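Shown next, in structure tokens, is the structure this report addresses.
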Amino acid sequence: MIVDGFFIAGAVVTLLAAIICVVAAILKHGPNDITILSLAAVELFLLVYAVAGIIRQVSGEAVAGETWEFWGYLLTALLVPVAAFWWSITDRSRWSNLVLGAAAVTVFVMLVRMEQIWDGAIAA
Amino acid sequence: MKTGREQQPVQRAQDTNEVARRATGFGRLLVAVYGVFALSATARAGYQIATKFAEAPVAYVLSAFAAVVYILATITLAKSGIRSYWLSVAAVGIELLGVVAVGLISLLDPELLPQDTVWSGFGQGYGYVPLVLPVVGLWWLWRHRPAAGQKPSEDRP
């Protein structure tokens, strides 16, 4: 697949959030400002990615794969950190940090798929 | 009316607590992972049925069935009641049977299910998580099993 700036930025943000959350869980911390903010950064990236996606589409950049599939993934991905946040704050054990970490990994996987759709690589 | 029923709620509360606690701690993570699978299996089955159902109807109906099982498992694992407990045992058990059966079929007779489902090749396409998940799920449910003699009918809130 063609690796573009959005993918690099998104991979850094999501994987960093995953590492922060997993390390916090290993250290037996419950969800705290650092882990929640790391997931907030993931959400922020997705919002920027979505706005950039709209701008790219409006300015005539073509999506190689199915456009509706790309937006389906993106809209779903936007819900993942929100759902994980809601699910984790109601139980402040260290496992909740793994929930946040799992959300970050999920967004990363979805980002890989979105990039494949956008750039038209071999479908997984 | 007061024939020893007063003592029951205390005992019942403790029992239900053990069952209720299955959605805390590690259970949170379990529900989250099930949620991700429910989401991706539903999206995948929806996509397959919407765009290419005629190619392999059996495989895609199976995809949809797997999606329903994951949704049921996610919701019932997250809820606290005894009824949900047994529903989650059923859902996770069906999931284990499904992944083993579909895995064996795809191994022994690949022609029978030409298209990939979540459970094909014992969940190969998803890093074998579909195979490990129900085993972990049943272990977790066993650890949080209700006390002996507790019936689903005792779960009235």
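Hey, what does the equivalent ellipsoid look like for segment B:62-145, semi-axes from the Cα gyration tensor as sqrt of 5 times each eigenvalue, largest first, whole Å?
Details: eigenvalues 130, 29, 17 Å².
For segment B:62-145, the ellipsoid semi-axes come out as 26, 12, 9 Å.
Quick one: among A:102, A:24, A:64, which has the greatest mean-square fluctuation in a GNM of chain A with alpha-carbon springs under 10 angstrom?
Comparing A:102, A:24, A:64 in a Gaussian network model of chain A, the most mobile one is A:64.
HN-Hα J couplings of segment B:76-84 from phi, Karplus 6.51/-1.76/1.60, θ = phi - 60°, integer Hz, Gly and Pro as x?
For segment B:76-84, the Karplus curve yields 6, 5, 7, 7, 9, x, 5, 4, 4 Hz.
Helix by helix, which DSSP H runs in chain A go 15 Å or more along their axis at the Cα atoms and have an average Kyte-Doolittle hydropathy of 1.0 or more? Show your work: numbers first, answer last.
Values: long enough: A:5-26 (31 Å, 2.72); A:33-58 (37 Å, 1.75); A:67-89 (34 Å, 1.15); A:94-119 (38 Å, 0.85).
Taking the DSSP H segments of chain A (at least 15 Å long, mean hydropathy at least 1.0), we get A:5-26, A:33-58, A:67-89.
Placing +1 on the Cβ of each Lys and Arg and -1 on the Cβ of each Asp and Glu in the protein assembly as shown, which of B:137, B:84, B:54 has its Cα farthest towards the positive end of the resulting dipole?
Value: B:84.
How would you order A:54-63, A:89-98 from highest to lowest mean count of nearby Cβ atoms within 10 Å?
Packing order, densest peptide first, comes out as A:89-98, A:54-63.
Per 5 Å bin from zero, what fraction in whole % of the C-alpha pairs of the protein assembly as shown is there, up to the bin with the longest pair?
For the protein assembly as shown, the binned pair fractions read 1, 6, 11, 14, 15, 15, 14, 11, 7, 4, 2, 1, 1, 0, 0, 0 percent.
Could you tell me what % of all Cα pairs in segment A:5-119 have separations over 16 Å? Show your work: numbers first, answer last.
Working: 3656 of 6555 pairs.
Above the 16 Å cut-off, segment A:5-119 has 56 percent of its Cα pairs.
Could you work out, residue by residue across A:92-99, how many beta carbons of other chains sit within 10 Å of that residue's beta carbon, and then give the average as an integer? Write down the numbers at each step before the final one.
Details: counts 1, 6, 4, 8, 5, 2, 5, 7.
Counting Cβ atoms of other protein chains within 10 Å of each residue's Cβ and averaging gives 5.
Calculate the mean, over all residues of peptide A:80-89, of how many other protein chain Cβ atoms lie within 10 angstrom of the residue's Cβ. It would help to have the intermediate numbers written out before the result.
Working: counts 4, 0, 0, 4, 4, 0, 0, 7, 3, 0.
Per residue, the number of nearby Cβ atoms from other chains is 2 on average.
Got the relative contact order for segment A:5-119 handy, in percent, Cα pairs under 8 Å and 6 or more residues apart? Walk me through the numbers before you get to the answer.
Details: 139 pairs, mean separation 51.9, N = 115.
This gives 45 percent for segment A:5-119.
Since every read-out is calculated from the coordinates, none of them should be taken as a lab result. Because the structure is predicted, anything quoted here is derived from the model rather than measured. A quick note on method: Cβ atoms are made from the backbone with ideal geometry, for glycine too, and the neighbour counts reach across all protein chains shown.
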